[in-house]
Amino acid sequence: MKVMFVIEALPTNAVELENVIQTVADIEAMVQPDDAWNQKTLTELLEQDSIRLLIAYDQAKEESVSHCEIVGYCLYQTTFEQAEVLRIGTDPKYQRQGIASQVLNKLHELLQLNQVESLLLEVRADNAAAIALYEQQAFSIIHRRKGYYKVPHEPAIDALIMQHTYI
């Protein structure tokens, strides 16, 4: 059985919006334990006109999206013809089900509709699963930041800058 996920923009209802942002912050804490963005940070970012959040809901559980479980997200910024993925994450219980691919497909669709020419993202050089996903999505490495990610008492990890072009 193929699991269905719905990818949507943020709700406009203030209470729902707050719940969605809190859930994203909770997932963020699970998938980015060393560098999670909290609800306050996410809320402040979303106050900027150029920053948007796509939400992946598990449609198998409920008919109405407002009662669906949030399983993933993508926070991105668009500046003229350029866009950048700021954060992307999937609830660990739902990983390896194609959610991030579906979210990126939806993002590609939206960006092309808005005449965006390219999409950038940054990924840790040691995150093989994410790099494989991005390569499947036709991203290519355009730059390497040596020793960018630093954790105390561990060797620094390079950051890879990857780009997907639409034109």
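Quickly rank 131-144, 103-116 as a protection proxy: mean count of other C-beta atoms within 10 Å, highest first.
Values: 131-144: 14.4, 103-116: 16.4.
For the peptides 131-144, 103-116, the packing ranking is 103-116, 131-144.
Carbon and sulfur: what percent of the chain's accessible surface (1.4 Å probe)?
Values: 4890 of 9740 Å².
In the chain, the share of accessible area belonging to carbon and sulfur is 50 percent.
Taking only pairs that are 8 or more places apart or on different chains, how many Lys pairs in the chain have Cα atoms under 23 angstrom apart?
Values: Lys2/Lys61; Lys2/Lys93; Lys2/Lys106; Lys61/Lys93; Lys61/Lys106; Lys93/Lys106.
Value for the chain: 6.
Would you work out the relative contact order for the chain, in percent, from Cα pairs under 8 angstrom that are 6 or more residues apart?
Relative contact order for the chain comes out at 17 percent.
How many Å² of accessible area per residue for the chain, probe 1.4 Å?
Numbers: 9740 Å² over 167 residues.
On a per-residue basis, the chain sits at 58 Å².
Using only Cα atoms, figure out Rg for segment 83-167 and give it as a multiple of 2.2 N^0.38 Å. Working shown, then result.
Working: Rg = 13.8 Å, N = 85, 2.2 N^0.38 = 11.9 Å.
In units of the globular-protein estimate, segment 83-167 measures up at 1.16.
For the Cα atoms of the chain, what angle does the longest principal axis make with the long axis of helix 99-113, in degrees from 0 to 90, nearest 10?
Its long axis makes an angle of about 90 degrees.
The values are calculated or read from the model by the stated rules, or taken from the named source; none is laboratory data. Everything quoted here is computed from the prediction, not taken from an experiment. Positions of Cβ are backbone-derived with ideal geometry, glycine not excepted, and every protein chain shown enters the neighbour counts. To get the accessible areas, we keep the full protein, side chains included, count just its heavy atoms, and leave off ligands, DNA and RNA. Shrake-Rupley method; radii C 1.70, N 1.55, O 1.52, S 1.80 Å.
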